[in-house]
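Enquirer: Please find one structure pasted underneath; my questions will follow.
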Amino acid sequence: MFQTLLRSARESGRSSASTSNLTEQSASSHSNSIALTDGQGSLTAPTRPSLLVSCESDQYVVYKVRWVMLCIFVVFSMSNAFQWIQYSIITHIISDYYDVPSTTVDWLSMLFMITYIPLIFPATWFLQVYGLRKSIMIGSFGNMVGAAIKCFCVKPNRFWVTFTGQLIAASSQVFVLGIPAPLAAVWFGPDQVSTACALGVFGNQLGIAIGFLVPPAIVHTSTVESGLRTMFYSVAAICATIFVCIVLIFKEKPKTPPSASVAMENETEQGSYIQSIIRLLKNKHYLLLLISYGMNAAAFYAISTLLSQIFLIHFPGEEENAGRIGLVLVLSGMCGSIVCGVILDKTGKFKMVTLSVYIMSLVFMIAYTFIFQLNKMWLVYVVSSLLGAFMTGYLPVGFEFAAELTYPESEGTSSGLLNASAQVFGILCTIAAGHLLKDYGDQPANLLLVAVLLVGTILTAFIREDLRRQEARSEHPH
């Protein structure tokens, strides 16, 4: 789900010794090997002059291995997001097979929102104390265990087993959603950090896209049990492989900070986690973003959860097209996330980009509300793609805007609270829209989400553009 959890896996503060260490590292660039360490071990590879790329000055260095770290996280995030949506897109099949109401199946999706709220605070504290590597390891382990448990639920009387597996996988999400921002800050230079954050969100959206596409393609009414087995066993194998890769390959942080702002954070005493939370909640512009971000993400969660039910009202028997609509919604969102990240890196216009994307999300949510009445499937595809592009494109923008408004607080803490807000609003919107859908039809349900986005747009307009991280970089370019 989306985009966000945690971080305090900052590199240790660099003193004047860091400059001399870098000089020694540069002098050895023609030797046989170079060690990349994270304080927990080392990875030795053949030395190539291109392994290090200067960023801002010789003191700040970015490593090519940063892309490996990002890719590993993207795949992990993808596997967790797939488990979130894998039931919702085939709600009618799951409901019939386990003989439970469709609203009960909806709870398999809402578990990801419910568990996040109480777990985000201890999880963020854990990230700040123990770092990125251990946090991601715990998350991927829970993700693997949850997927494995679901391999034993393929019997009509074992809904409680699939619920248990989903609960464990959902609990692991606290070590997924807020990771993109701190991971990008720790590993990437200032001209790539927004793009890297967008790519981190990209993984979550890719998992949702696959979750929309695969279940309807392999789980059919006539072959429910064999289809479920194929899906559950495959996901469990993939999650186990990801966990092994994280244990063996994922590193805590690079040897040297990638930018001046990260180096300054490393050398600044931030105080306790509770104090950090208090400072964030006293920042009124961050509070406006906290609420508006939650509303935008909540609307997306509700749309994703109820998509299949709404689509099949207007296009009965088109289960696979319902999955494809979801795929289009998310694929366009992935493109929107990357484009928005690049625009932020190039322009630094955080307020303008955030508000523009929010307004367009509102516009296409209105179009999505009424397009079903025309019963033109191709129009649903078009509007869904545009809605996804802006609504999902907003997620990394929100993360990065929060990092700017709250610097030098931990990106993990600020993004974790954003995601907590998204879960709270997500639960409320999904339950309310679900009841409206059941009692009054899809149009009132979607109009509720239009109203939510309208309020979010107004709140966003009142946020002041206080770019503290940008100011720190300009004041300390070296």
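The values are calculated or read from the model by the stated rules, or taken from the named source; none is laboratory data. Computed from a predicted model, the values in this text were never measured in an experiment. Quick reminder, even Gly has a Cβ in these numbers, built from the backbone with ideal geometry, and neighbours come from all protein chains shown. Protein only, heavy atoms only, side chains kept; ligands, DNA and RNA dropped before computing areas. Shrake-Rupley method; radii C 1.70, N 1.55, O 1.52, S 1.80 Å.
Enquirer: Using alpha-carbon positions, what is the distance between the centroids of the stretch 272-301 and the stretch 389-458, in Å?
Expert: 11 Å
Enquirer: If you don't mind, there's one more thing I want to ask. If you bin the C-alpha pair distances of the stretch 125-168 every 5 Å from 0, what whole percents do you get?
Expert: With a bin width of 5 Å, the distribution comes to 5, 24, 21, 14, 12, 11, 7, 4, 1.
Enquirer: Looking only at the stretch 425-469, which residues have a backbone nitrogen under 20 Å from a spot 7 Å from the Cα of residue 347 in the C-beta direction?
Expert: 457-469
Enquirer: Shifting gears a bit: With the full set of protein chains in place, find how many percent of the accessible area of the stretch 151-194 is carbon and sulfur; take the probe as 1.4 Å.
Expert: 68 percent
Enquirer: Hey, which of these cross-link pairs are over 31 Å Cα-Cα: 253/349; 284/349; 150/255; 255/282?
Expert: Long pairs (Cα-Cα over 31 Å): 150/255; 255/282.
Enquirer: Cα convex hull of the stretch 399-478: how many Å³ per residue?
Expert: For the stretch 399-478, the hull spanned by Cα atoms encloses 88 Å³ per residue.
Enquirer: Here's another thing I want to ask about it. Rounded to the nearest 0.05, what FRET efficiency do residue 278 and residue 233 have when you use their Cβ-Cβ distance and R0 = 45 Å?
Expert: 0.45
Enquirer: Taking +1 at the Cβ of each Lys and Arg and -1 at the Cβ of each Asp and Glu, which of 313, 343, 329 sits farthest along the dipole of the stretch 297-371 towards its positive end, judged by Cα position relative to the Cα centre?
Expert: The residue sitting farthest along the positive end of the dipole is 343.
Enquirer: Hey, any idea what % of the stretch 74-129's accessible area is carbon plus sulfur with a 1.4 Å probe?
Expert: Carbon-and-sulfur percentage of accessible area, whole number: 71.
Enquirer: Another question, if that's okay. Per residue, how much accessible area does the stretch 290-330 have with a 1.4 Å probe, in Å²?
Expert: Heavy-atom accessible area per residue stands at 23 Å².
Enquirer: Follow-up. Roughly how many Å² of residue 233 are accessible to a 1.4 Å probe, to the nearest 10?
Expert: The accessible area comes out at roughly 110 Å².
Enquirer: Heavy atoms only, probe 1.4 Å: what % of the accessible area of the stretch 314-417 goes to carbon and sulfur, would you let me know?
Expert: On the stretch 314-417, the fraction of accessible area on carbon and sulfur atoms equals 72 percent.
Enquirer: Distance in nm between label sites at residue 222 and residue 157, each 7 Å beyond Cα in the beta-carbon direction?
Expert: If labels sit at residue 222 and residue 157, their model points lie 2.9 nm apart.
Enquirer: If you rank 245, 71 by how much accessible surface each has, with a 1.4 Å probe, what is the order from largest down?
Expert: 71, 245
Enquirer: Then there's this: With every protein chain in place, what's the accessible area of residue 141 (1.4 Å probe, Å², nearest 10)?
Expert: 110 Å²
Enquirer: How much accessible area per residue does the stretch 102-261 have, in Å², with a 1.4 Å probe?
Expert: 32 Å²
Enquirer: Please calculate the 1.4 Å probe accessible area of residue 353, with all protein chains present, and give it to the nearest 10 Å².
Expert: Its accessible surface works out to 10 Å², give or take rounding.
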